[in-house]
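The values are calculated or read from the model by the stated rules, or taken from the named source; none is laboratory data. Being a predicted model, the structure only gives us computed values, none of them experimental. Cβ: placed from backbone, ideal geometry, glycine included. Neighbour counts: every protein chain shown.
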């Protein structure tokens, strides 16, 4: 048991460290090739923050642990909304821009509804077992491609002439160092992902609980902990609004890109991850959207943050009691 826990911690540390090195190295290479700071932020950095979820889900799919792969994404997205936004709003109310409410937020709700539909194929299509197939995965990746194209075009339209002056004044990372960083980052992600999935699977076996529950709780918290810490620090510095973009972007990336790639690698059967979890995700997405419009005039208030945090605690309590 202790060896499995150490393997889990080692894997997570390697994943987080690898994601950081990969992001820094890839961003440096992108800047040297003339890619704008804006596009780097929307692509390379966005990938880096969701790399742990991607690696764990893909490795889980390859290691024949589909419940861990799906649970990681669903659990992370629930945690991102209810825990990260809830706790951040408790620290300091979060103001939400109108553009985010009318453009990006509906896409996040859509991503939750798409996953709900895919998990319910037995009811909708009369099949025996729910499965996110390779064709489903390719559809999710097409959704993600459309989202990225739309996001980059929107950002360019509003920030065409806002190339960062800091970038030109900052000494760029040497090419050799950028390449080494990328290679080390990839190595850390791959080896760490393998260690993490092995440790999580062993813990599930020893504790007598399903991989679905481990994925929805321990794995989801582990991969989303950096975002939680970042959001709380941002709130303490009076920049809590950054958490909104972080959560929305991460959730869309997880649903469309992470599950899309994982199910394309190997079809995923959600197993014990059913409508309770999926409806919780859809409900959390709608709650986030509605709280942005209601009462506080595009502000997630402390009371609303408390409700979201309590909802997450209730959800985890139900999972533990059912296990």
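Just a few scattered comments:
- Only residues that are surrounded by fewer than 16 Cβ atoms within 10 Å (Cβ to Cβ) and either closer than 16 Å to residue 55 by Cα or in contact with a helix residue (DSSP H, G or I) (Cβ under 7 Å, 6 or more places away or on another chain) (or both) were counted in the range 198-220, giving 1.
- Hits in the range 115-128 - residues which are buried (at least 17 other Cβ atoms within 10 Å of the Cβ) and within 21 Å of the chain's Cα centre (by Cα): 115, 118, 119
- Reported count of residues in the range 14-38, each being surrounded by fewer than 15 Cβ atoms within 10 Å (Cβ to Cβ) and either modelled with pLDDT of 80 or more or assigned to a helix (DSSP H, G or I) (or both), is 1.
- Unmet criterion (only one of (1) touching a strand residue (DSSP E or B) at 6+ places or on another chain (Cβ under 8 Å); (2) at pLDDT 80 or above; (3) part of a loop (DSSP other than H, G, I, E, B)) for residue 263: (3)
- Top-ranked residue in the range 286-309 [being assigned to a helix (DSSP H, G or I) and out of contact with any helix residue (DSSP H, G or I) (no Cβ under 8 Å at 6 or more places or on another chain); ranked as surrounded by the fewest Cβ atoms within 10 Å (Cβ to Cβ)]: 290
- Matching entry among 283, 215 (being in a helix (DSSP H, G or I) and modelled with pLDDT of 95 or more): 283
- Selected residue (only one of 86, 75, 99, 137 is surrounded by fewer than 21 Cβ atoms within 10 Å (Cβ to Cβ) and either in contact (Cβ under 8 Å) with a residue 24 or more places away in the chain or in a helix (DSSP H, G or I) (or both)): 99
- Residue check, residue 94 more than 15 Å from the chain's Cα centre (by Cα), at pLDDT below 90 and buried (at least 20 other Cβ atoms within 10 Å of the Cβ): yes
- Cβ-Cβ contacts under 7 Å between residues 6 or more apart (or on different chains), taken from a first residue in the range 312-323 that is modelled with pLDDT under 85 to a second residue that is surrounded by 12 or more Cβ atoms within 10 Å (Cβ to Cβ) and assigned to a helix (DSSP H, G or I), are listed as 323/213.
- On inspection, residue 300 does not qualify as within 19 Å of residue 227 (Cα to Cα) and within 19 Å of the chain's Cα centre (by Cα).
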